[in-house]
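Peer 1: Submitted below is the structure of interest, expressed as structure tokens.
The values are calculated or read from the model by the stated rules, or taken from the named source; none is laboratory data. Note that this is a predicted model, so its numbers are computed, not measured. FYI the Cβ positions are ideal-geometry reconstructions off the backbone, even for glycines, and counts take in every protein chain you see.
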Amino acid sequence: MENLREKFIIVLTGDEEEKVLYETLNKVKYLELRIDLFLKTHTEDELIEWIKKVKRIGDNKIIGTLRWYKEAGEDYFYLSDKKRLDIYRQISDFVDIIDVEIKSNICDKVCEICKSKKKEIILSYHNFKKTPDINILKKIVKKGKKYQANMIKIATKITTKKHLFTLIEFTYRYSKKTNLIVVPMGGNIYERLIPLVFGSFFTYVHLNKKVAPCQPSYFEISQFIDLMEPKMV
């Protein structure tokens, strides 16, 4: 349990208080900038300065994400494929990792940007309705490896124990073959943490606004781990 905090990715949208950023960013290694949600309340002219500001506050590896509206859940901001591709090019010099949906129309072009800029890439898949059969998840991994993804992210809704068991089995079997980020959406904190035990690299937390169903805050999940650690000794 002692290394779980190293597996947090804090998700930022641009609406966080500066004081909170200074208090938390140096406690984690990775940040995800949800640029689509930033642009929902800010102008594009403010984008690069926001990224630079975040980089000045903490020594973090930064993931740049412009979530495809088809995989963004209810809280989405529509951006055309052309606009998304243009912004990915703009941010590629300022982030360390880029996340793009493996099923999106621009996946191959974003992969080319990452290759030319020597950036790492996360190819992601989100399903806000259910957890598909393990054979479908296997095909996503196969496609991600074909694109030479540095990591493959699978985030699916769990509504039954079977869904959670599917993700656990999938994580256990395929994390040995590729770098996986597996996120059960819609469950409790404990269920969110379970894939980490079976080989998932990270889980996502927010500071003041959840961007996925039942996504815990950094403070909630830290408190949970503090309570659990004595029982794990």
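Peer 1: Please list, ordered by first then second residue, the pairs with beta carbon atoms under 9 Å, 6 or more apart or interchain, first in the stretch 18-35 and surrounded by fewer than 18 Cβ atoms within 10 Å (Cβ to Cβ), second of a type in the set (Val, Ile, Thr).
Peer 2: Sorted first by the residue in the stretch 18-35, then by its partner, the pairs are Glu18/Ile57; Tyr22/Ile57; Asn26/Ile57; Lys27/Ile10; Lys29/Ile9.
Peer 1: Within the stretch 73-103, work out how many residues are surrounded by fewer than 21 Cβ atoms within 10 Å (Cβ to Cβ), outside any helix (DSSP H, G or I) and touching a helix residue (DSSP H, G or I) at 6+ places or on another chain (Cβ under 8 Å).
Peer 2: Qualifying residue count, the stretch 73-103: 9.
Peer 1: Of Phe38, Phe8, which residue is crowded, with 21+ Cβ neighbours inside 10 Å and modelled with pLDDT under 95?
Peer 2: Every option except Phe8 fails the conditions.
Peer 1: Please name all residue pairs, on different chains or six or more residues apart, with Cβ atoms under 6 Å, provided the first residue is in the stretch 202-213 and is surrounded by 22 or more Cβ atoms within 10 Å (Cβ to Cβ) and the second residue is of a type in the set (Phe, Trp, Tyr).
Peer 2: Listed pairs, sorted by first residue: Val205/Phe8; Val205/Tyr218.
Peer 1: Out of Leu123, Leu85, Leu79, report the one residue that is within 18 Å of Lys145 (Cα to Cα) and aliphatic (A, V, I, L, M).
Peer 2: Leu123
Peer 1: A follow-up question, please. Say we look at the stretch 47-61 and pick out the residues that are touching a residue at least 24 places away in the same chain (Cβ under 8 Å) and part of a helix (DSSP H, G or I); which of these is surrounded by the fewest Cβ atoms within 10 Å (Cβ to Cβ)?
Peer 2: Going through the stretch 47-61, the residues touching a residue at least 24 places away in the same chain (Cβ under 8 Å) turn out to be 47-48, 50-52, 54-55, 57-61.
Then drop every residue that is not part of a helix (DSSP H, G or I), which leaves 47-48, 50-52, 54-55, 57.
Numbers: Leu47: 20, Ile48: 13, Trp50: 16, Ile51: 22, Lys52: 11, Val54: 20, Lys55: 16, Ile57: 15.
So, considering only residues that are touching a residue at least 24 places away in the same chain (Cβ under 8 Å) and part of a helix (DSSP H, G or I), the one surrounded by the fewest Cβ atoms within 10 Å (Cβ to Cβ) is Lys52.
Peer 1: Only one of (1) under 20 Å from Phe201 (Cβ atoms); (2) touching a Gly at 6+ places or on another chain (Cβ under 9 Å) fails for Ile91. Which number is that?
Peer 2: Ile91 satisfies every listed condition except (1).
Peer 1: Additional query: Any idea which residue in the stretch 146-170 is surrounded by the fewest Cβ atoms within 10 Å (Cβ to Cβ), counting only those that are assigned to a helix (DSSP H, G or I) and in contact with a Lys or Arg (Cβ under 8 Å, 6 or more places away or on another chain)?
Peer 2: It comes out as His163.
Peer 1: Report whether or not Gln215 is of a type in the set (S, T, N, Q) and assigned to a loop (DSSP other than H, G, I, E, B). Talk me through it step by step, then tell me what you get.
Peer 2: Working: of a type in the set (S, T, N, Q): yes; assigned to a loop (DSSP other than H, G, I, E, B): yes.
Taking the combined requirement at face value, the residue satisfies it.
Peer 1: Need the failing condition index for Thr131 against (1) surrounded by fewer than 16 Cβ atoms within 10 Å (Cβ to Cβ); (2) in a loop (DSSP other than H, G, I, E, B); (3) modelled with pLDDT of 95 or more, just the number.
Peer 2: Single failed check for Thr131: (1).
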